[in-house]
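S.K.: To start, I am sharing the structure in question, which I have written as structure tokens.
The values are calculated or read from the model by the stated rules, or taken from the named source; none is laboratory data. Source: prediction; values computed, not measured. Cβ placement follows ideal geometry from the backbone for every residue including glycine, while neighbour counts extend to all protein chains displayed. All accessible areas refer to the heavy atoms of the entire protein, side chains included, with ligands and DNA or RNA removed. Shrake-Rupley method; radii C 1.70, N 1.55, O 1.52, S 1.80 Å.
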Amino acid sequence: MVFVKLAVLASGAGTNLQAVIDGCRSGEIPAEVALVLSDRPTAGALQRASAAGIPTHVVRPREFDDRTACDAAISTACAEAGAGLVVLAGFMRLLGPAFLGRWAGRCINVHPSLLPAFPGIDAPAQALAYGVRLTGCTVHFVDEGADTGPIILQDVVPVEPDDNAEALHRRIQAVEWRLLPEAIRLFAAGRLRVRGRRVEIG
Ligand code: GAR
């Protein structure tokens, strides 16, 4: 088991970030959140980080000439924090080849659907509109596609007859709070091997 420093990238409320912070503090995950980075200065995730005494960094995409420059700033911040793993926890920007080349096999994402169904934004609403009976969440390694990388863990959440997107998303998130810390624990334990599209858990 290796002690891993995490850089968590988040654009939103940060409930997944909170689950990771809590997992680290309880000792469930042998890791430490060394940096929380956001593209949105008002993200709740930044407040959660500050409340936990974790360094924060804001990267405002508009202030960069192009995506490559913005990605480079994000990558540098993660490296300077000493990150061994970058965790995308509700980070709503696609990261480009330069970033992913540097962090290949060391960047994971949590997504609120059973991928490859319903990638991109508003996955719970997509699931409701399609009429599926079961949806869920996925933790996967990040590659250059939108939510396409090798899958580490998934779990199922049933759709209820009177569901709306918000209620469904809340129930999915409750499962994410368990799955994301578990994936980080497996990574820290060196138990994940990527073989093509498949992730073997040793
Ligand atoms: C989570 O449900 C996560 O799966 C989703 O954003 C939410 C963030 O919630 N991510 C995506 O949709 C990425 N495509 P949080 O800020 O409370 O953790």
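S.K.: If we count trypsin sites (Lys or Arg not before Pro) as exposed when they sit in a DSSP loop and have at most 14 other beta carbons within 10 Å, what is the longest stretch of the chain that avoids them all?
M.R.: The longest such stretch corresponds to 1-132.
S.K.: Okay, next question. Once phi is turned into θ = phi - 60°, what whole-Hz ³J(HN,Hα) does the Karplus curve with 6.51, -1.76 and 1.60 give for every residue of region 58-69, x standing for Gly and Pro?
M.R.: 10, 10, 8, x, 4, 7, 10, 5, 7, 5, 4, 5
S.K.: Wrap a convex hull around the Cα atoms of region 83-133, take a quarter of its surface area, and give that in square nanometres.
M.R.: Taking the Cα atoms of region 83-133, their convex hull projects to 4.1 nm² on average.
S.K.: Scan region 38-100 for chymotrypsin sites (Phe, Trp or Tyr not before Pro) in coil per DSSP, keeping those whose Cβ has at most 15 other Cβ atoms within 10 Å, and list them by number.
M.R.: Answer by residue number: PHE64.
S.K.: Could I ask something else about it? Pairs of alpha-carbon atoms within less than 8 angstrom and 6+ residues apart define the contacts here; what relative contact order does region 27-115 have, in percent?
M.R.: 23 percent.
S.K.: Same structure, new question: When the accessible area of region 78-120 is split by element with a 1.4 Å probe, what percent falls to carbon and sulfur?
M.R.: After summing per-atom areas, the C and S share lands at 62 percent.
S.K.: Is region 13-145 rounded, prolate or oblate when judged by the Cα gyration tensor, a ≥ b ≥ c being the square roots of its eigenvalues, rounded requiring a/c under 1.5 and prolate requiring a/b larger than b/c?
M.R.: On the way: a/c = 1.63, a/b = 1.23, b/c = 1.32.
In terms of gyration-tensor shape, oblate.
S.K.: May I ask you to give the percent of accessible area on region 145-202 that is carbon plus sulfur, with a probe radius of 1.4 Å?
M.R.: 51 percent
S.K.: So in the chain, what percent of DSSP beta bridges are antiparallel if you round to the nearest 5?
M.R.: Of those bridges, close to 45 percent are antiparallel.
S.K.: Another question, if that's okay. With a cap of 14 neighbouring Cβ atoms within 10 Å, and only residues DSSP puts in a loop, list the GluC sites (Glu not before Pro) found in region 105-202.
M.R.: GLU144
S.K.: Charges on Cβ only, +1 for Lys and Arg, -1 for Asp and Glu, centred on the Cα centroid of region 58-133; of ALA69, GLY96, PRO112, which one is farthest towards the dipole's positive end?
M.R.: PRO112
S.K.: Using alpha-carbon pairs under 8 Å, 6+ residues apart, how would you state the relative contact order of the chain in percent?
M.R.: Over the chain, the number comes to 20 percent.
S.K.: Here's another thing I want to ask about it. Could you work out [θ]222 nm for the chain from helices alone, using -39500 (n - 2.57) per DSSP H run of at least four and dividing by all its residues? Round to the nearest 500 deg cm²/dmol.
M.R.: Numbers: 6 runs with 72 residues, N = 202.
So the calculated ellipticity at 222 nm is -11000 deg cm²/dmol.
S.K.: Taking a probe of 1.4 Å, how large is the accessible area per residue of the chain, in Å²?
M.R.: 48 Å²
S.K.: Specify the angular offset, from 0 to 90 degrees and rounded to the nearest 10, of the alpha carbon long axis of helix 15-26 from the longest principal axis of the alpha carbons in the chain.
M.R.: So the helix axis and the longest Cα principal axis differ by about 60 degrees.
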